[in-house]
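The values are calculated or read from the model by the stated rules, or taken from the named source; none is laboratory data. Bear in mind the structure is a predicted one, so any value in this text is a computation, not a measurement. All Cβ positions, glycine included, derive from the backbone under ideal geometry; neighbour counts span all protein chains shown. Accessible surface areas use protein heavy atoms only, side chains included; no ligands, DNA or RNA. Shrake-Rupley method; radii C 1.70, N 1.55, O 1.52, S 1.80 Å.
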Amino acid sequence: MINLDNITVQIANKILLENASAQIPDGEKLGIVGHNGCGKTTLFKVLAEKHEVSQGQVFIPQKHFKAFVEQEIKAEDLHKSILNYVLDKDKRLKALREKAQTAAPEELPEIFEQLRLIEADSAEARTAEILKGLGFNQEDLIKPVKDFSGGWQMRLNLAGALFQYSDILFLDEPTNHLDIEAVVWLENYLKKYRGTILLISHDRDFLNEICQSILHFEGQKLALYRGNYDSFARQYAQKIELAEKAQKKQDDRRAHLQSYVDRFRYKASKARQAQSRIKMLEKMQDIPEIARDKASRFIFSDLKPLPSPLITVENVSTGYNGVPVLKKLNFCINQDDRIALLGKNGNGKSTLVKMLSDRLPLLEGTMKKSGKLKIGYFNQNQAEELPEELTPTEYMQSLTPDLPEKIIRAYLGNFGLEQEKAITKISALSGGEKTRLLFAKINLNAPELLIFDEPTNHLDMTGRTALADAINAYAGAVILISHDFNLLSQVADTLWLVHNHTLTAFDGDLEEYRRFLLSKSAPNERQTHPKAAPNERQTPPKSNKDDRIIRAKLREIERDLSKLEEDKVEILSKFATASGKDIASLNKNLHEIEQKILETEEKWLSLSENIK
């Protein structure tokens, strides 16, 4: 068991935890959650004995082996094959194999027995299986580490942590550099892990799939909840509700006692009773306040929809340096589309959205866009291009020099960059705050199409919820690449699969896609799910398996309702100058449009009740 006994943890002069305690049983799969900056990663360092507590005690059985995902790759490892790089992460295996080469004959039986216990004979096969699950191909295994990008190198470090024998596995945002396919494989792998898992993640679906309990940062304390993340969220909400009721009850009691004191404390006949109530007030203890995660928000521009289709693609190929990555693309994007792009990293999802946003040329075919179409494009790597010497306010002023600072500050507030954050140097902003700034940037010109390429990597749970809410409130089209199942399930109406150098519709929902991936069948072998339409210029069909299609219909109704309200305002404005027959006609038109508004509102209410 891991035991945290009244620990206080701080960085410089900032106290992250004060007199916090928790007990974690052996074999527990534990999610550690809380808002960005609360101290989750620092707690990891405490448990890894890389950061000392200011007071209190941390007990971890000394016999337990710990496995961590390293953040860097040493220069001497860059020329190793990725297979050998991962194998070498198991220090015991490496040491025993090296020892066996120089050991005396009488020492070999003991060495071979230890190698047998750690299943050394299957080490290469297990390593290859892990690398395959994380997205590497068979031919990749002999390639040197240096041949892979930073994101893929992080996958190698994750593979190293998974491969080595451990009693406690530390995982800090392990899904950030993965695609959905690798996330699903990792979920399945971790469910079979026999030791203790300590997991920091803001991916709600991932936490639900893996965790048996949740450790939540509440102020400067730790609170342990049994169950997965959804169970924690219910318990936490109930805890807040009970605390609010108790506080109201106490406030009412205080007011009642104080009222008696104020009326009678100076009356001789009631002085004793008044003093008694004063003592009761003094002894009354405050109800402990339940710390809450700070709410988040994003507001994308309200806009008038353009006629569909926004984009029409016919027989298109696109790629890099004249070499096509995607071929024979035929599809349309309509104003109300909410499209999630699925497929392994490297299949061409980012290539597709770069083409749509004019960041990659067509190699053949045609792409027609609505003349007034504006596109907002987010890519997680854009944060590296932000001018770090500027503040968010100064950066926005450089993009919109005609807007007064007051308006810019209010606009940044719509994306959670309020008060001092708006005038903090970009270099001092967190990853999540830089993401918010990029959201503000892509929304500046009120685009009718928003494209997001992995927008959640630096967002905490409240930020991801706010993003889903903002996308659902947005009236334009959305194309989304994300490994966050929960976000996709909330906002996507349509699933497109990028595979085999082209684009197909996935005829099913995300849960079916998860099962489809776990079946280990190649997409082109499962004709019941991917539904190719390579020669038809059409938007791939939408799934009607869950409430995502209902949300799309609700957005259509909301746009109809807005148009009716505008028509009503226009009719009312004409009454001031109308007379005689005109007034009668206007009254008739007003009655008709009010009836339509009533019917449309009832239709919206009726349909909204069907959302799960």
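Below, the figures for the structure above:
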| item | result |
| --- | --- |
| All positions within segment 387-443 that are open to solvent by 40 Å² or more (accessible area, probe 1.4 Å), of a type in the set (A, V, I, L, M) and within 23 Å of the chain's Cα centre (by Cα) | Ala428 |
| Test: Ala120 is open to solvent by less than 20 Å² (accessible area, probe 1.4 Å) and at pLDDT below 90 | yes |
| Test: residue in segment 276-283 that is surrounded by 13 or more Cβ atoms within 10 Å (Cβ to Cβ), touching a residue at least 40 places away in the same chain (Cβ under 8 Å) and part of a helix (DSSP H, G or I) | no |
| Residues within segment 29-46 that are among the basic types (Lys, Arg) and touching a helix residue (DSSP H, G or I) at 6+ places or on another chain (Cβ under 6 Å), tallied | 1 |
| Answer residue from segment 560-609, given it is surrounded by fewer than 11 Cβ atoms within 10 Å (Cβ to Cβ) and within 33 Å of the chain's Cα centre (by Cα) and is nearest to Pro305 (Cα to Cα) among those | Leu605 |
| Single match in Lys99, Lys66, Lys89 (criterion: modelled with pLDDT of 85 or more and touching a strand residue (DSSP E or B) at 6+ places or on another chain (Cβ under 6 Å)) | Lys66 |
| Residue within segment 105-116 that is open to solvent by 80 Å² or more (accessible area, probe 1.4 Å) and within 20 Å of Leu78 (Cβ to Cβ) present | no |
| Total residues in segment 190-217, condition open to solvent by 30 Å² or more (accessible area, probe 1.4 Å) and over 17 Å from the mean Cα position of the chain (by Cα) | 5 |
| Number of positions in segment 7-27 that are surrounded by fewer than 15 Cβ atoms within 10 Å (Cβ to Cβ), assigned to a strand (DSSP E or B) and in contact (Cβ under 8 Å) with a residue 40 or more places away in the chain | 3 |
| Test result for Asn414, of a type in the set (S, T, N, Q) and under 18 Å from Glu454 (Cβ atoms) | no |
| Condition met for Ile287 (in contact with a helix residue (DSSP H, G or I) (Cβ under 8 Å, 6 or more places away or on another chain), at pLDDT below 75, surrounded by 11 or more Cβ atoms within 10 Å (Cβ to Cβ) and outside any helix (DSSP H, G or I)) | yes |
| Residues of segment 130-168 satisfying the condition of being buried (at least 19 other Cβ atoms within 10 Å of the Cβ), touching a Ser or Thr at 6+ places or on another chain (Cβ under 7 Å) and not in a helix (DSSP H, G or I) | Ile168 |
| Asp203 vs. criteria in contact (Cβ under 8 Å) with a residue 24 or more places away in the chain and either hydroxyl-bearing (Ser, Thr, Tyr) or closer than 21 Å to Asn36 by Cβ (or both) | yes |
| Of all residues making up segment 361-419, the number that are of a type in the set (Phe, Trp, Tyr) and touching a His at 6+ places or on another chain (Cβ under 9 Å) | 0 |
| Test: residue in segment 342-360 that is closer than 22 Å to Trp152 by Cβ, hydroxyl-bearing (Ser, Thr, Tyr) and outside any loop (DSSP other than H, G, I, E, B) | yes |
| Subset of segment 321-341 [open to solvent by 20 Å² or more (accessible area, probe 1.4 Å), in a strand (DSSP E or B) and either acidic (Asp, Glu) or touching a helix residue (DSSP H, G or I) at 6+ places or on another chain (Cβ under 6 Å) (or both)] | Val325 |
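Yes/no matrix, rows are residues, columns are (1) among the basic types (Lys, Arg); (2) in contact (Cβ under 8 Å) with a residue 60 or more places away in the chain:
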position: Val183; (1), (2): no, yes
position: Glu187; (1), (2): no, no
position: Lys192; (1), (2): yes, no
position: Tyr225; (1), (2): no, no
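Residue by residue, here is whether (1) surrounded by fewer than 19 Cβ atoms within 10 Å (Cβ to Cβ); (2) within 26 Å of Thr8 (Cβ to Cβ) holds:
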site: Phe170; (1), (2): no, yes
site: Pro174; (1), (2): no, no
site: Asp179; (1), (2): no, no
site: Gly219; (1), (2): yes, yes
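Every residue, every condition in (1) in a helix (DSSP H, G or I); (2) under 22 Å from Pro305 (Cα atoms); (3) open to solvent by less than 40 Å² (accessible area, probe 1.4 Å); (4) modelled with pLDDT of 75 or more, yes or no:
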position: Asn524; (1), (2), (3), (4): yes, no, no, no
position: Pro534; (1), (2), (3), (4): no, no, no, no
position: Ser543; (1), (2), (3), (4): no, no, yes, no
position: Glu558; (1), (2), (3), (4): yes, yes, no, yes
